[in-house]
Each structure stands twice: as structure tokens, then as C-alpha cells.
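To keep things clear, I will list the structure first and then write my remarks on it.
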Amino acid sequence: MSDKEKVSGEEVEVFYECREIGEGDWTPCDLRRYTYCQKQPEMDTRAFVPLYQHTRIVDQLRAEVERKQREIDLLWSDRRKDAALIAELRAQLAQQQGVLDGFVLVPVEPTLEMANASVYNGTDYTGSFDFDDFKKDWTDILAAAPAPELGK
């Protein structure tokens with residue numbers, strides 16, 4: 001016997017079976033009997049979803065994970081663009097204040113925001129070292145640096 005239940009937001013067919021502990025054969029049952037048997041210490045129960053439905057559920061979950069990953073990628077992309085813009089504005093400000101082209105003013109002591117902009121975890125860089133990633137991190141770090149106060 002089977003009943004319909006919501007799994008991952010979709011109604012799927014679930015099959016229920018019960019048996020007395022120690023018995024070999026499983027008896028198909030409905031959800032009401034399955035629930036009753038679960039409360040009985042001498043009974044064993046199991047429920048399962050047919051394999052053809054597993055594939056559909058896995059596909060739906062995979063699609064949701066991919067959608068969430070695209071959202072994360074967009075957020076990181078926006079963050080990198082913002083960091084690049086901030087770095088560019090700081091470079092322009094530094095140039096106006098007499099700093100050489102290609103350089104920006106940064107504080108002697110890094111701030112917590114600068115450290116958080118890095119992939120540095122306090123012990124070492126996470127993952128393998130990649131110079132392109134480091135350059136992106138450096139852009140993020142510089143973007144997170146506090147701007148110098150004008151007139152000082």
C-alpha cells in the first residue's frame with residue numbers, strides 16, 4: 001500500500017511496510033497502520049520511495065543547488081566589482097594627493113575589515129596558492145582599507 005507525502009516540496013508516492021520483529025516477511029500497510037506499528041515495541045517498520053521518484057527528487061534538489069550557486073556567484077561578482085570600484089576611487093584620490101600612479105595609501109596596521117576581505121584564515125591561506133586569486137584578494141583588501149582623512 002502507498003500514500004502520498006510531500007518530499008522536497010513535491011508530492012511523491014511512499015510505500016509502508018511492517019512486520020513483527022524477528023519475522024521474515026514484510027506486510028504492506030497504509031500510513032495509519034505504519035504509524036501504529038512504529039509505537040509498538042514488538043513491531044518493525046519501513047517506508048520507501050520508489051527509485052523512479054528518487055531520480056526526480058535528486059534532479060529537483062540539484063537544480064535548486066545550482067540556482068543557489070548562481071545567486072552566490074552573482075553576489076561575489078557584485079562584491080568584486082564594488083571592491084574594484086572602491087580601489088579605483090582610492091587610487092584617484094591618492095593620485096590627487098601626490099601618490100605615484102599604481103600605488104595607493106594604506107594604513108600601516110591592517111584593519112579587521114581588511115583581514116576579512118582576504119581568504120587568510122589566521123594560520124595560512126585556504127586552498128592552494130593562486131596568484132590571480134591573491135590579486136583579487138589584494139583588491140578586496142585595499143577596497144576594505146579605511147580611506148585617509150583629507151588634510152592630514
note = Matching residues in region 34-74 (aromatic (Phe, Trp, Tyr) and loosely packed, with under 11 Cβ neighbours inside 10 Å) number 1
note = Within region 47-93, the count of residues that are under 30 Å from Arg32 (Cβ atoms), part of a helix (DSSP H, G or I) and of a type outside the set (A, V, I, L, M) comes to 6
request  = Residue by residue through region 50-92, note down the ones that are modelled with pLDDT under 75 and among the aliphatic types (A, V, I, L, M).
outcome  = Leu51, Ile57, Ala91
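Out of Asp30, Asp25, report the one residue that is surrounded by fewer than 10 Cβ atoms within 10 Å (Cβ to Cβ), modelled with pLDDT of 70 or more, acidic (Asp, Glu) and more than 28 Å from the chain's Cα centre (by Cα).
That would be Asp25, the only listed residue that is surrounded by fewer than 10 Cβ atoms within 10 Å (Cβ to Cβ), modelled with pLDDT of 70 or more, acidic (Asp, Glu) and more than 28 Å from the chain's Cα centre (by Cα).
The values are calculated or read from the model by the stated rules, or taken from the named source; none is laboratory data. In this text the structure is predicted, and so the values were computed from the model without any measurement. Here Cβ is always computed from backbone atoms with ideal geometry, including for glycine, and neighbour counts include all displayed protein chains.
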